[in-house]
Every structure is written in C-alpha cells, then in structure tokens.
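As structure tokens, the structure follows; a few thoughts come after it.
The values are calculated or read from the model by the stated rules, or taken from the named source; none is laboratory data. Predicted model, so just to flag it, every value in this text is computed and none were measured. Here the Cβ positions follow ideal geometry from the backbone for every residue, glycine too, while neighbour counts run over all protein chains shown. With ligands, DNA and RNA removed, areas are computed over all heavy atoms of the protein, side chains included. Shrake-Rupley method; radii C 1.70, N 1.55, O 1.52, S 1.80 Å.
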Amino acid sequence: MMHWSLRRQSSWAQLAGHQGNFQLSSEGEVLKLHNEEEAKCLERLMRDPLRPFVPEFHGTVTRGERCYIRLEDLLSGLRKPVIMDCKMGVRTYQEEELTKAKTKDLRSDMYQRMLKIDPSTLSEEEHRQRGVTKWRYLQWRDTTSSTSTLGFRIEGIMMEDGSVQRDFRQIKTLAQVTEALLYFTRKQLDVLKAYHSRLLALSDALRNSRFFRTHEVIGSSLLFVHDPSSMASVWMIDFGKTTPVQDTIKLRHNIPWVEGSREDGYLIGLTSLITSLSQAISA
Ligand code: ATP
Ligand code: MG
Ligand code: MG
C-alpha cells in the first residue's frame with residue numbers, strides 16, 4: 001500500500017480560456033463549462049482512433065446553475081508539471097464567424113488594436129475611417145503570430161516553478177520555435193525525444209481518424225506536459241470550435257486555407273512542431 005504522503009496530488013494550471021469556466025473535481029477530473037459542440041466532438045472522439053490522444057470524457061454534470069463537461073485531468077498526479085499549450089491551425093476563427101463578420105460595420109476597438117500592434121498594416125482609408133470591419137480584423141489577427149505561417153502558435157508555457165509566460169507573438173520562424181522548445185524542456189534529450197515520438201504517433205492516428213477527416217478543427221490545442229517523475233506526453237484539447245463538415249467536403253488539413261474550403265491547416269502546424277523538435281534534438 002502506498003504511504004499517504006506519497007499519494008499523488010493534483011496541481012491545476014490553466015494556460016488559456018476564462019478561469020471561471022473551469023472547476024476541479026475531486027476525482028481527478030477537470031470540469032469545463034458545457035458547450036454542445038465540444039461535448040459532441042468528445043463523444044465522437046471516444047469512438048475514434050484519436051481516443052488515446054484525448055483526455056477521457058466522462059459525460060456532463062450540473063453544479064449549481066451551470067452544466068459542465070467532465071474531462072480527465074491531464075495534470076492529475078503530477079507534482080511539478082511543466083506545460084505548454086499550442087493552438088493549432090493556420091486560422092483561429094471559424095468560417096461561420098467570418099461570414100457573420102462580413103458586415104459594413106466599422107469597429108473602432110479593432111482599429112485601435114491594430115494601430116497599437118502594427119500601424120503599418122492599416123490602409124489610408126482605414127486610418128481615415130478610424131475603424132475596420134471584423135472580417136478584416138479576424139484575418140489580420142492570425143498574421144501577428146506564427147498561426148498563419150507555421151500553422152500553430154504557442155499560447156502559453158508554465159515552468160516547474162509555476163511561472164507562466166503568455167506572450168509569444170514575437171515567434172515567427174521555426175528557429176525561434178526550436179529555441180522556445182529548448183527552453184521549455186531545459187534541453188532534456190529524453191523529454192524532447194518523448195515529445196517527438198508522441199507527435200509521430202499522433203500523426204499516424206490522425207491519418208486513420210474518421211473524426212479528423214470530417215471535422216474543421218479550429219482553436220484546438222496540443223497540450224504538452226512533462227514532469228520530473230513522468231514521461232512527457234502530448235494531448236489534443238479544446239474542441240469548442242471544432243465542427244463537422246458536409247460529406248461532400250474532403251478535408252486534407254495540410255494545404256493553405258482559402259475562403260470556403262474549410263481547411264484548417266492543422267497538419268501544417270503538426271509538421272512545423274515535428275520539424276522543430278527534430279532540430280531541438282540535434283541541437
Ligand atoms: P480558449 O478557447 O481561450 O483556448 P477554453 O476556455 O476553450 O480556452 P481550453 O483551451 O480547453 O479552454 O483549456 C484552457 C487551459 O486549461 C489549457 O490551456 C490547459 O492549460 C488547461 N486544461 C484544459 N483541459 C485540461 C485537461 N483535461 N487537463 C488538464 N489541463 C487542462
Ligand atoms: Mg484553448
Ligand atoms: Mg476554446
């Protein structure tokens with residue numbers, strides 16, 4: 001029998017999303033605010049070759065007035081987890097959102113954000129109007145990180161001392177990603193290799209996945225987790241914006257997106273990550 005003091009403790013850490021949307025439950029589960037699309041995806045994923053790469057889904061539960069989905073806590077048992085959230089894909093908005101944003105309404109808040117981050121991107125007309133359409137803003141936003149070029153971006157990293165870094169917008173090249181990976185893993189070769197082979201296995205599973213063939217995967221992340229006492233692993237999380245496509249559309253996930261294609265570029269991001277890990281291993 002395990003001595004009580006050796007019993008594993010859970011250490012919750014959250015790298016994205018609203019804090020109020022999550023609750024920790026006592027049974028090694030994470031409760032995330034219920035979203036119909038996400039619950040449906042998780043149900044399908046439990047019957048798909050991707051299941052070993054997704055936290056176990058235990059259905060839903062109501063707490064007070066709110067309904068939650070019950071997910072395996074991927075940090076359960078880890079004393080000092082080191083984690084990284086990579087948001088996958090060449091865009092982070094759904095085509096549906098873009099279509100809705102195709103109004104003539106000008107948004108000054110979005111203009112101000114663009115002005116603050118990169119004034120050179122604004123046209124003379126936009127300056128004159130002191131506003132941009134949401135349609136314009138959504139597409140611009142993904143060009144300010146590695147999302148539109150490398151097919152993913154680092155959302156956040158938490159190191160073993162609990163410190164969290166969230167600003168990785170300056171990362172644009174694969175060499176910078178490799179540098180971030182070396183920092184995140186503290187150059188531990190076994191950790192880098194474990195991540196590399198996990199991503200290769202994921203790549204195989206994606207090829208055989210009916211779910212992946214039939215879903216536009218937007219805003220979903222790969223969660224990298226390692227700990228001094230355990231092997232490194234990677235998990236697919238966050239399916240709130242993942243939606244099924246019609247039977248007539250065959251998604252490839254490895255080609256650039258054009259409006260209407262529903263392509264998400266998920267595999268462009270996965271290839272970038274695998275290449276970068278290979279570079280980190282031989283660095
Ligand atoms: P956003 O859409 O802004 O990315 P969200 O509200 O959809 O956020 P998630 O991205 O699903 O939330 O999760 C937010 C964070 O919570 C993740 O980055 C991760 O740190 C943590 N997290 C989510 N699910 C789990 C899980 N099953 N086990 C452990 N940690 C998790
Ligand atoms: Mg997320
Ligand atoms: Mg989300």
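Does residue 28 satisfy being on the phi > 0 side of the Ramachandran plot and within 14 Å of ligand 1 (Cβ to nearest atom)? Spell out the reasoning first.
Details: on the phi > 0 side of the Ramachandran plot: yes; within 14 Å of ligand 1 (Cβ to nearest atom): yes.
Judged against the criteria, residue 28 is a match.
Please find, within the stretch 187-217, the residue that is farthest from ligand 1 (Cβ to nearest atom) out of those that are in contact with a Pro (Cβ under 6 Å, 6 or more places away or on another chain) and not in a loop (DSSP other than H, G, I, E, B).
If we filter the stretch 187-217 for residues that are in contact with a Pro (Cβ under 6 Å, 6 or more places away or on another chain), which is where we start, we get 205, 208-209, 214-215.
Those left that are additionally not in a loop (DSSP other than H, G, I, E, B): 205, 215.
Details: 205: 18, 215: 16 Å.
Restricting to residues being in contact with a Pro (Cβ under 6 Å, 6 or more places away or on another chain) and not in a loop (DSSP other than H, G, I, E, B), the top hit is 205.
To keep it simple, each residue is scored yes or no on (1) of a type in the set (Ser, Thr, Tyr); (2) surrounded by fewer than 20 Cβ atoms within 10 Å (Cβ to Cβ); (3) modelled with pLDDT under 95.
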{"position": "175", "(1), (2), (3)": "no, yes, no"}
{"position": "179", "(1), (2), (3)": "no, yes, no"}
{"position": "203", "(1), (2), (3)": "yes, yes, no"}
{"position": "227", "(1), (2), (3)": "no, yes, yes"}
{"position": "259", "(1), (2), (3)": "no, yes, yes"}
{"position": "263", "(1), (2), (3)": "no, no, no"}
{"position": "268", "(1), (2), (3)": "no, no, no"}
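Residue check: is residue 220 on the phi < 0 side of the Ramachandran plot, more than 15 Å from ligand 1 (Cβ to nearest atom) and at pLDDT 95 or above? Don't jump to the end; show me each part of the working.
On the way: on the phi < 0 side of the Ramachandran plot: yes; more than 15 Å from ligand 1 (Cβ to nearest atom): no; at pLDDT 95 or above: yes.
No; evaluated as a whole, the condition is false for this residue.
Considering each residue of the stretch 224-259, count those that are hydrophobic (A, V, I, L, M, F, W, C), within 13 Å of ligand 1 (Cβ to nearest atom) and assigned to a strand (DSSP E or B), and give that number.
In the first step, residues of the stretch 224-259 are kept if they are hydrophobic (A, V, I, L, M, F, W, C); the result is 224-225, 231-232, 234-237, 239, 245, 249, 251, 255, 257-258.
Pick out the ones that are also within 13 Å of ligand 1 (Cβ to nearest atom) and you get 224-225, 234-237, 239.
Keeping just the survivors that are assigned to a strand (DSSP E or B) gives 224-225, 234-237.
Total meeting the criteria: 6.
In the stretch 233-248, what residues are of a type in the set (Phe, Trp, Tyr) and open to solvent by less than 10 Å² (accessible area, probe 1.4 Å)?
Our first condition is that a residue be of a type in the set (Phe, Trp, Tyr); within the stretch 233-248, this holds for 235, 239.
Result: 239, single match.
Table: residues versus (1) over 21 Å from residue 85 (Cα atoms); (2) out of contact with any Gly (no Cβ under 8 Å at 6 or more places or on another chain); (3) buried (at least 16 other Cβ atoms within 10 Å of the Cβ).
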position	(1), (2), (3)
21	no, yes, no
26	yes, yes, no
31	no, yes, yes
40	yes, yes, no
44	yes, yes, yes
50	no, yes, yes
55	no, yes, yes
61	yes, yes, no
69	no, no, yes
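Residues are listed down the side, and each one gets a yes or a no for (1) open to solvent by less than 10 Å² (accessible area, probe 1.4 Å); (2) under 22 Å from residue 44 (Cα atoms); (3) touching a residue at least 24 places away in the same chain (Cβ under 8 Å):
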position	(1), (2), (3)
191	no, no, yes
199	yes, yes, yes
207	no, yes, no
210	no, yes, yes
221	yes, yes, yes
224	yes, no, yes
231	no, no, yes
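For residue 115, are the conditions met, namely being closer than 29 Å to residue 271 by Cβ, of a type in the set (A, V, I, L, M, F, W, C) and either open to solvent by 20 Å² or more (accessible area, probe 1.4 Å) or modelled with pLDDT under 95 (or both)? Don't jump to the end; show me each part of the working.
On the way: closer than 29 Å to residue 271 by Cβ: no; of a type in the set (A, V, I, L, M, F, W, C): yes; either open to solvent by 20 Å² or more (accessible area, probe 1.4 Å) or modelled with pLDDT under 95 (or both): yes.
No, not satisfied.
From the set of residues in the stretch 18-38 that are under 17 Å from the mean Cα position of the chain (by Cα) and in a helix (DSSP H, G or I), which is farthest from residue 206 (Cα to Cα)?
So, considering only residues that are under 17 Å from the mean Cα position of the chain (by Cα) and in a helix (DSSP H, G or I), the one farthest from residue 206 (Cα to Cα) is 19.
Name the residue, out of 186, 169, that is at positive phi, free of Cβ contacts under 8 Å to residues at least 60 places away in the same chain and touching a strand residue (DSSP E or B) at 6+ places or on another chain (Cβ under 9 Å).
Only one candidate passes the filter, namely 186.
Just give me the residues in the stretch 235-261 being in contact (Cβ under 8 Å) with a residue 60 or more places away in the chain and either under 12 Å from residue 213 (Cβ atoms) or hydrophobic (A, V, I, L, M, F, W, C) (or both), in sequence order.
Step one: of the stretch 235-261, the residues in contact (Cβ under 8 Å) with a residue 60 or more places away in the chain are 235-243, 256-257, 259-260.
235, 236, 237, 239, 257 - these are the residues of the stretch 235-261 that are in contact (Cβ under 8 Å) with a residue 60 or more places away in the chain and either under 12 Å from residue 213 (Cβ atoms) or hydrophobic (A, V, I, L, M, F, W, C) (or both).
If we scan the stretch 213-235, do we find a residue that is among the acidic types (Asp, Glu) and more than 16 Å from ligand 3 (Cβ to nearest atom)?
Restricting attention to the stretch 213-235, the residues satisfying the condition of being among the acidic types (Asp, Glu) are 216, 227.
From what's left, more than 16 Å from ligand 3 (Cβ to nearest atom): 227.
Looking for residues that are among the acidic types (Asp, Glu) and more than 16 Å from ligand 3 (Cβ to nearest atom), one finds at least one in the stretch 213-235, hence yes.
Between 79, 91, 47, which is within 16 Å of ligand 3 (Cβ to nearest atom) and more than 16 Å from residue 235 (Cβ to Cβ)?
Exactly one residue qualifies, and that residue is 91.
Quick check: is even one residue across the stretch 162-170 surrounded by 15 or more Cβ atoms within 10 Å (Cβ to Cβ) and outside any strand (DSSP E or B)?
Here is the first cut: in the stretch 162-170, the ones surrounded by 15 or more Cβ atoms within 10 Å (Cβ to Cβ) are 165, 168.
Adding the requirement that they be outside any strand (DSSP E or B) leaves 168.
Yes.
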